[in-house]
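Note sheet for the following structure.
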Amino acid sequence: MPPNATTLPDTAALAARLRLSATRLARRLRQEADAGLSPSQLSALSSIELRGPLTLGALAEHERVAPPSVTKVVAKLEAAGLVERRADAGDKRVVWVSPTAEGVNRLATVRQRKDAWLTARIAELDGDDRARLADALDTLEALTGDPT
């Protein structure tokens, strides 16, 4: 028998639970990362690595922050040796940002730590809960439009 309105969970209640769970999971993963970077620095470094060399303007768009904010974040990443800047050959006003080898290594370490923590937690689940989690991930990926 297909579910009807009386058996479906309340959408607003689901949204509230999902938001709270996602926030708690994100906070815990940040703690496990032990990256020595702020969340905005870690996010910017990840975007730079994922999308290849970026202009500061493109990075600001990806991060959805104002250009002065991204300039400060990149300056801190550069001071830490995690990114490098280079002027555009055709327009010296444009600056490209790339991850350094140290930046790529730092991200790999952070991801490994997060994955290890999640792997250990998931391993504690029984088979039914792991199957439900896999189904929920399919739904979350569809909800966010993120196929990865």
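Here are some notes:
- Selection from the stretch 125-148 of residues that are within 18 Å of Ala22 (Cα to Cα), in a loop (DSSP other than H, G, I, E, B) and acidic (Asp, Glu): Asp146
- Residues that are open to solvent by 50 Å² or more (accessible area, probe 1.4 Å), of a type outside the set (A, V, I, L, M) and not in a loop (DSSP other than H, G, I, E, B) within the stretch 89-112 comprise Trp96, Glu102, Asn105, Arg106, Thr109, Arg111, Gln112, listed in sequence order.
- Search result, residues across the stretch 68-88 that are within 20 Å of Glu49 (Cβ to Cβ) and open to solvent by 50 Å² or more (accessible area, probe 1.4 Å): Ser69, Thr71, Lys72, Lys76, Glu78, Ala79, Ala80, Glu84, Arg85, Arg86
- Exactly one residue out of Glu32, Glu49, Glu61 is open to solvent by less than 80 Å² (accessible area, probe 1.4 Å), without any contact (Cβ under 8 Å) to a residue 60 or more places away in the chain and within 16 Å of the chain's Cα centre (by Cα), and it is Glu49.
- Val70 assigned to a helix (DSSP H, G or I) and within 14 Å of Gly57 (Cα to Cα): yes
- Criterion violated by Ile122 - all others in (1) touching a His at 6+ places or on another chain (Cβ under 9 Å); (2) within 22 Å of Arg19 (Cα to Cα) satisfied: (1)
The values are calculated or read from the model by the stated rules, or taken from the named source; none is laboratory data. Everything numeric here is computed off the predicted structure, so don't read it as measured data. Please note: Cβ atoms are built from the backbone with ideal geometry, for glycine as well, and neighbour counts cover all protein chains shown. Protein only, heavy atoms only, side chains kept; ligands, DNA and RNA dropped before computing areas. Shrake-Rupley method; radii C 1.70, N 1.55, O 1.52, S 1.80 Å.
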